[in-house]
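Since every read-out is calculated from the coordinates, none of them should be taken as a lab result. Predicted model, so just to flag it, every value in this text is computed and none were measured. We place every Cβ from the backbone using ideal geometry, glycine too, and count neighbours over all the protein chains shown.
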Amino acid sequence: MAPTVVILGGAYGGLQIAHSLLKNNKEAKVVLVSKNSHFYWNLASVRAIVPGSVEDKQMFVSLTEALSRYPKERYEVIVGSAEGVDTAAKTVKVAIPGTAEPRSISYDQLVLATGSRNTQPEKRAGAGADEAIPATPWKADGTYEEITALLQATREKVKAAKHIVVAGGGSTGVEAAAELGYAFGGKSEDKGGKQIVLLSSGAEILGSDIIASSARNELNKLHVDVRTGAGVTAARTLPDGRIELTVAGASEPLITDLYLAAVGLTPNTEYLDASLLNDRKNVEVDEFYHVKGVASNDVWAVGDVVSKPRAGFVITMKQAGGVAKNVDLVLKGKSPQVVKLLPVDVMVVATGPSRGAGRLNSWRLPSLAVWVAKGRTLGLNMVAGYLNGSAA
Ligand SMILES: Cc1cc2nc3c(=O)[nH]c(=O)nc-3n(C[C@H](O)[C@H](O)[C@H](O)COP(=O)(O)OP(=O)(O)OC[C@H]3O[C@@H](n4cnc5c(N)ncnc54)[C@H](O)[C@@H]3O)c2cc1C
């Protein structure tokens, strides 16, 4: 019987591995399990919240359509949520919406690529506290229908708001504030202008990286009001619908129409045994990307579930390339190879559609280079590769 490779998570890591195995291994059956029926190019989510900027069809790829180029008997797409893995019995329990009982799926090789979701700011007690913290569309958290509805709802809130606070001085917060600044900053209200505030709990944005001052200059040009040492400690909805934020170091509460939090990522690893997770709830892997703690060496992990050296799309692509190759080698009775990542550390932050800040190791990149590499399209030109398989 054909060996079965089960892949959990239909995003950058999972879909790339599915394509790669289906192209390069003519024996294995690939079962791709994902909470959402569509791959989501979340890198463009920071721009997609601006009404009229990016269409949903540019950002989503149907997983079934993406794999339909391979023989039907070679793959299965299951839209559902992994709820448990039994590494001794080699089975995964998957909850499928609309069915009462979870489905048990056997595997020969298992790949964990369930990524991460937005960390929700802690909910506070008190009237209006829960409603004040809206969900954000930065990651593929939920079904396709839920993500597209959330994107649309966020666009409508952006459109209606006159004052927007983005909380979080990391790349996502900086990029979202810059997109909003580019679209609405420095204009009068009658010309569609909005006040955009970026709050960072740290003493500097971007974790005080060497590109922080360049990014801050770009944000200033876009009329984004950047406040550091200014973490949000509480949020509540006022009777008139506006949101009151308590901000560290500020004597007065900050009142806003829309509060968008971008305060970190939480790994989607709740379905795994605690013995496979480190204290940050990430999966630990060896140099082949076998999950540590599974002696049979038939469970692999890539992407944000690993978050090593950090969570990143380019890192995920390299890991996925290595794991796809290793699973193929093992299925052919050969030894896996050490997975190699990029030899340089690249950090690029788009500051709106026309500029950016970045570095290659400790060499600062000119804004134009970041614009060409990232800001111009936010990678939307690469989405087609996940549909036609050329990304693998
Ligand atoms: C706004 C933003 C911009 C970014 N820009 C960049 C950038 O420019 N460059 C860069 O290198 N990185 C960037 N990143 C990081 C990048 O998005 C992540 O590194 C990448 O998404 C990781 O991909 P992944 O395949 O590991 O998982 P994810 O993209 O996190 O996707 C996980 C998938 O698994 C599914 N899933 C989750 N739980 C389960 C379950 N229990 N069962 C089944 N399926 C499940 C999810 O629905 C999803 O489809 C950015 C991140 C954000 C938030």
Query raised in the report: Out of 186, 80, 358, any idea which swings most in a Gaussian network model of the chain, alpha carbons joined below 10 Å?
Result: 186
**Report entry** Relative contact order for region 205-280, counting Cα pairs under 8 Å that sit 6 or more residues apart, in percent
**Finding:** 15 percent
Report task. Pull up the cross-link candidates among the lysines for residue 281, meaning alpha carbon to alpha carbon under 19 Å and not fewer than 8 places away within one chain. Result -> 139, 292, 308
Query raised in the report: Ranking 331, 260 by Cβ neighbours within 10 Å, fewest first, what do you get?
Result: 331, 260
Report summary line: Here FRET efficiency (C-beta to C-beta, residue 65 to residue 27, R₀ 22 Å, nearest 0.05) is 0.40
Query - log10 of Debye I(q)/I(0), alpha-carbon scatterers only, for the chain at 0.09 Å⁻¹ - result: -0.55
Requested in this report: Count the DSSP beta bridges whose two residues both fall in the chain, then state the antiparallel fraction as a percent rounded to the nearest 5.
Outcome: 55 percent
Report summary line: Hydrodynamic radius by Kirkwood for region 277-323, inverse mean 1/r across distinct Cα pairs, in Å, is 10.6 Å
Query - At R0 = 22 Å, FRET efficiency that the Cβ-Cβ distance of residue 310 and residue 340 yields, to 0.05 - result: 0.85
Query raised in the report: Mean separation of Cα pairs under 8 Å and 6+ residues apart, divided by the residue count of region 291-392: what relative contact order is that in percent?
Result: 15 percent
Requested in this report: Rounded to the nearest 10 degrees, what's the angle between the helix 212-221 long axis and the longest principal axis of the chain, both from Cα atoms, 0 to 90?
Outcome: 50 degrees
Requested in this report: Using packing as a proxy for protection, rank 299-311, 3-15 so that the peptide with the highest average count of other Cβ atoms within 10 Å comes first.
Outcome: 3-15, 299-311
Report task. On a C-alpha basis, how far is the centre of region 265-335 from the centre of region 32-102 in Å? Whole number, if you could? Result -> 18 Å
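Tell me, 298, 190, 56 in order of fewest to most beta-carbon neighbours within 10 Å?
Result, fewest neighbours first: 190, 56, 298.
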Report task. Would you work out the charge dipole size for the chain about its Cα centre, treating the Cβ of every Lys and Arg as +1 and the Cβ of every Asp and Glu as -1, and quote it to the nearest 20 debye? Result -> 1060 debye
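Between residue 190 and residue 238, what is the FRET efficiency for a Förster distance of 30 Å, r being their Cβ-Cβ separation, to the nearest 0.05?
0.75
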Report task. Grab the DSSP H runs of the chain that are 4 residues or longer, score each as -39,500 (n - 2.57), total them, divide by all residues and round the 222 nm result to the nearest 500 deg cm²/dmol. Result -> -7000 deg cm²/dmol
Report summary line: Restricting to Cα pairs under 8 Å and 6 or more apart, the percent relative contact order of the chain works out to 19 percent
Requested in this report: Compute log10 of I(q)/I(0) for region 277-376 with the Debye formula, placing one identical point scatterer on every Cα and leaving out solvent, at q = 0.11, 0.19, 0.21 Å⁻¹, to two decimals.
Outcome: -0.44, -0.90, -1.00
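Treat the count of other C-beta atoms within 10 Å as a stand-in for reagent exposure and order 59, 317, 382 from fewest to most.
382, 317, 59
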